[in-house]
Amino acid sequence: MEQTKVVEMKEAIADPATVGLASFGIALFTLSFLNAGIVGANAVSVIIPLALITGVIHFFACWFGFRKNELFTALVFGIYGMFWVVFSLINLGVALKIFVLDAPTLQVFLIAYTIFTAYVLLASLVTNWAVILTLAVLLAVFLLLDFSLSGKPQLGIYAGYVGMVDGLMALYISAAGLLGALYGRSVLPVFPVQRAAPQQLQPAA
């Protein structure tokens, strides 16, 4: 009798969130200087290609998140990757005078991402406090941008400063992942959420 030998090959994939968070942190930190009014309109010469490349990196992080069966990683980087690509194309189109920016539609776009960020934040409550706080601050950024397009442009400046903080927070999580992988232990704490063990049902007396 012939026997069939099945060999299972496991693919080793590094954590895609580490590179995704690094690109997100760098892009958001840079963009926030424009929102805060610290740099001028010519900053789009840097921000447009930066946003486009960030979106591409996010899509790779999304793909490998699916490969690792990590839905949270795949969803977050896939949808935020879409944001960066659309953002870069909007600014490129305006810079090349292909079209005129429609502020009400931009506000709808930002509101949609505010809703997305809100339920991603809710899902993150079982991860760690570094991720939770980063998403909470990102939600604040989107809310400020939403209201800034409702006749309160000063809030857009506040969104810039809050965005700088959020970009640095994302870089912190990326650094924690990198250093933890290289040193084989936790170097920068991310404070995992302690989940209570499910209660065992007691048999009736």
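The values are calculated or read from the model by the stated rules, or taken from the named source; none is laboratory data. It should be emphasised that the depicted structure is a prediction, and the values quoted were computed from it without experimental measurement. Note that we place each Cβ from the backbone using ideal geometry, even for glycine, and neighbour counts take in every protein chain shown.
Data table
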item	result
Top-ranked residue of region 35-68 - restricted to ones that are out of contact with any Gly (no Cβ under 8 Å at 6 or more places or on another chain) and assigned to a loop (DSSP other than H, G, I, E, B), ranked as surrounded by the fewest Cβ atoms within 10 Å (Cβ to Cβ)	Gly40
Candidates Val120, Val100, Val44, filtered to the one that is of a type outside the set (Lys, Arg), over 18 Å from the mean Cα position of the chain (by Cα), farther than 18 Å from Ala27 by Cα and at pLDDT 95 or above	Val100
Residue selected from region 103-114 under the condition of a type in the set (Val, Ile, Thr) and more than 14 Å from the chain's Cα centre (by Cα), by the criterion surrounded by the most Cβ atoms within 10 Å (Cβ to Cβ)	Ile111
Unique match (being farther than 15 Å from Thr114 by Cα, without any contact (Cβ under 8 Å) to a residue 24 or more places away in the chain and hydroxyl-bearing (Ser, Thr, Tyr)) among Tyr161, Tyr183	Tyr183
Among (1) more than 15 Å from the chain's Cα centre (by Cα); (2) of a type outside the set (Phe, Trp, Tyr); (3) farther than 25 Å from Leu155 by Cβ; (4) exposed (fewer than 15 other Cβ atoms within 10 Å of the Cβ) - the single one Leu71 does not satisfy	(1)
